[in-house]
1. Which order do the peptides 226-236, 273-283 come out in when sorted by mean C-beta neighbours inside 10 angstrom, highest first?
2. Can you work out the PRE-style zone for ASP68? Point 7 Å along Cα to Cβ, and I want the residues of segment 349-373 with backbone N under 20 Å.
3. Tell me which residues come under 5 Å, amide H to amide H, from GLU79 once H is placed; ignore anything under 5 positions away on its chain.
4. How long are the three semi-axes of the equivalent ellipsoid of segment 27-372, in whole Å, if each is the root of 5 times an eigenvalue of the C-alpha gyration tensor, listed from largest down?
5. Of all beta bridges DSSP finds with both residues in segment 27-372, what is the antiparallel percent, to the nearest 5?
6. ASP93: net charge of surrounding residues, Cβ under 10 Å, Lys/Arg +1, Asp/Glu -1, itself excluded?
7. Around ASN150, which amide H atoms from residues at least 5 apart in sequence, or from another chain, sit under 5 Å from its own amide H, with H modelled in the peptide plane?
Amino acid sequence: MNQQPNPTRNVCGRPSETTQGRATRRRFLATVAATSTALLESRLHATEASERTAAPDDAAPQDVATDDIAQIAITLDLEMSRNFPTWEDTRWDYEKGNLSDAAKQYTVDACRRVKERGAVIHTFVVGQVFEQPNIDWLKEIAATGHPIGNHTYDHVYLLADSAEQLQYRFQRAPWLLRSRSVAEVLRDNIKLTNLALEQRVGVQANGFRTPGGFANGLNDREDLQQLILDLGFDWVSCRYPAHAGIEDIHGSDRPPSPAAYENIVAAQSEAQPLMYPTGLLEIPMSPISDIGAFRTGRWKLPYFLQAIELAMQWAIENRAVFDFLAHPSCLGVVDPEFQAIDLICDLVEQSRGQAEIVSLDTIAQRYRTSLAR
Ligand SMILES: [Zn+2]
C-alpha cells in the first residue's frame with residue numbers, strides 16, 4: 001500500500017513541516033520579532049475597537065529602508081475543503097476543484113466587496129474547476145481586475161516521494177498517472193491549469209501557489225524551484241511558517257490560549273518574502289489560515305478575527321507583509337457575513353496610509369528590488 005498523505009494541519013489539505021526555515025530573510029525582521037510579545041500582551045487585553053491604534057514609533061524597526069508601508073494581501077484558494085460545509089464531508093479530497101455554488105458565490109461576493117473598497121483579491125484556482133460547464137463567475141472576477149493564480153490542476157503535493165502520494169485521486173485511480181514520474185506529473189498538472197485558464201477565461205495565470213504550505217518553503221528543493229521557473233513563474237507562494245499552540249478546542253467554552261496567539265504573531269516575521277538561490281521569489285502565507293483556525297483548532301469566528309487583528313498590527317507596525325489566506329469553501333461557511341475580509345479592509349483604512357491592500361505580484365515586484373540589494 002502506498003502511504004496516505006497526512007491529513008491537513010494548517011493550510012489546505014497537506015501536512016505542514018515542523019522544522020524552522022533556513023532561507024535568508026531580511027535582517028531587520030529578526031530585530032523586530034522581539035517586539036511581538038509585548039505587542040501581543042497589550043492586544044490580548046484590548047477589548048475596545050477604539051483601542052486599535054498604532055504602537056509607539058519607538059517600536060518600529062530601524063532598518064526599513066524601502067519598506068515604508070505595510071503590504072496586505074487578501075488571497076483566496078479556490079478549492080473545496082474536507083470537513084466543510086459539514087464535518088462529515090470528505091469527498092472533496094478527490095474533487096478539490098469541483099467548486100460548489102456556495103463557494104463560487106462567496107468568491108464573487110468577496111471580490112465585489114473588496115473592489116468597492118478600492119482593492120483586489122488574489123485568487124488561486126484549482127484547474128479541475130474548468131471542467132464545469134459555467135465559469136462566468138470567474139470571468140467576472142478576472143474582468144474586474146482580480147488576479148487569478150495557478151494552484152495546480154488536481155491540488156497535488158509538490159513534496160511527494162511517489163506519484164501516488166501526489167493526490168488522493170491518484171491513489172484511487174493510479175492509471176491517470178500513466179507511469180509518469182513525480183516531476184512529470186507536477187509539470188503537467190501546473191501546465192494544464194495555465195492552459196485551462198487561458199482557454200476558458202482568457203487570462204494568464206498570475207503567480208503560483210503550492211497546495212498545502214511548507215514550513216521550510218522550497219529550501220533544499222532547487223529542482224522544484226527550477227520547475228516553477230521553467231513554467232514561467234518568477235514568484236511562488238509556498239511557505240507557511242510553523243506555529244505552535246493550536247489545540248482543538250471544539251466543544252469547550254474556552255478561547256485559544258494566549259500562547260496560540262503569541263505564536264501566531266511571532267510567526268509573522270517568518271512569513272516575509274525571501275529569495276531562493278535560483279532567483280525564484282517566495283511570498284509566504286501568513287498564519288493563521290482559515291483551515292488552521294476552523295479545522296485544526298475548531299475555533300469560533302471571533303478568535304480568528306482576533307488573530308487576524310494581532311497579526312496585521314504586527315505587519316503594519318513593522319511595515320511588513322501580511323498575506324491572508326482563506327478558502328471560500330471554508331471561510332464562507334464560518335463567516336458568511338465577510339467579517340474577516342471587512343476587518344482587513346477596516347484595519348488598512350484605519351492605518352492612515354501605513355498599509356495598503358495589494359496583489360501578490362505587486363508584493364513580488366517590490367521585494368524583487370529590495371531583496372536584490
Ligand atoms: Zn489548496
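1. Order by mean packing, descending: 273-283, 226-236.
2. 349-358, 362-373
3. SER329
4. 31, 23, 20
5. 10
6. In short, +3.
7. Sorted by chain and number, the residues that satisfy this are VAL125, ASN206, GLY207, PHE208, ARG209.
Rule-based calculations on the coordinates, nothing more; no lab input. All values reported here derive from a predicted model rather than from experimental measurement. We place every Cβ from the backbone using ideal geometry, glycine too, and count neighbours over all the protein chains shown.
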